């Protein structure tokens with residue numbers, strides 16, 4: 001399971017405040033905590049107004065790289081911001097994201113020739129985000145094949161099928177599973193990623209739904225999640241699911257995590 005840490009995001013009020021105030025200690029503490037909790041990548045998103053996004057993202061990248069070598073997942077809806085930010089990053093990471101909207105692919109895909117950078121593809125286009133699995137598969141296929149035309153191999157591609165809120169689309173989980181299985185069947189080397197909280201938007205006891213979504217998505221073939229790597233309940237769900245799917249030989253990872261106090265009842269000091 002590939003974990004992309006979600007906490008360095010200006011859309012989170014406390015993080016947005018820290019970015020506005022250029023509070024390096026706050027941001028660097030977050031980066032170190034996500035790294036210590038086992039994040040494979042750190043999503044770095046300014047989440048600010050368009051006019052100040054570049055300055056904020058530049059500061060974030062420099063601030064985070066001062067304290068950790070964990071690869072970054074550069075996150076912006078503006079492909080030109082991602083293009084500019086790429087030169088600031090010390091080691092290949094993930095571009096988050098490209099889609100069928102506007103000129104995003106034409107800007108981002110050429111940047112990924114002849115290097116080890118990866119990319120997240122979103123299953124949306126100029127018509128918006130489709131809810132049904134079939135449309136998600138079709139958009140993903142078009143994006144993947146376009147990426148391959150730029151020399152981007154499937155194993156460098158992550159697809160986010162953009163799960164809808166179950167409170168508005170009752171079949172959201174079923175549509176997501178259909179998309180994951182369809183994409184994996186046609187493009188077996190492509191990885192699937194997703195945020196975990198959108199499905200529960202507008203619902204009570206959101207974490208219950210998020211945990212169920214995570215377990216079901218893993219069984220369907222999801223390889224990665226954009227999440228809080230320090231969330232003990234989510235980590236426990238991942239490890240338990242891997243045990244039940246036969247992916248953890250002799251349950252070693254699960255047992256190691258328990259002995260290290262990473263899952264189960266938290267020991268009081």
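Odds and ends about this structure:
- Answer label for mean projected area of the Cα convex hull in nm² (calculated), chosen among [x] 16.7; [y] 14.8; [z] 13.1: [y]
- Sequence ranges 151-157, 140-146, ranked by mean other-Cβ count within 10 angstrom, highest first: 140-146, 151-157
- Put the Cα centre of region 215-269 next to the Cα centre of region 140-213 and the gap is 20 Å.
- The ranking of 167, 194, 172 from fewest to most other beta carbons within 10 Å of each one's beta carbon is 167, 172, 194.
- Packing around the peptides 53-63, 203-213, 37-47, taken as the average count of other Cβ atoms within 10 Å per residue, puts them in this order, highest first: 37-47, 53-63, 203-213.
Readers should treat all values here as calculations from the given coordinates under stated rules, not as data from a laboratory. Given the structure is predicted, the values throughout are model-derived calculations rather than measurements. Note that we place each Cβ from the backbone using ideal geometry, even for glycine, and neighbour counts take in every protein chain shown.
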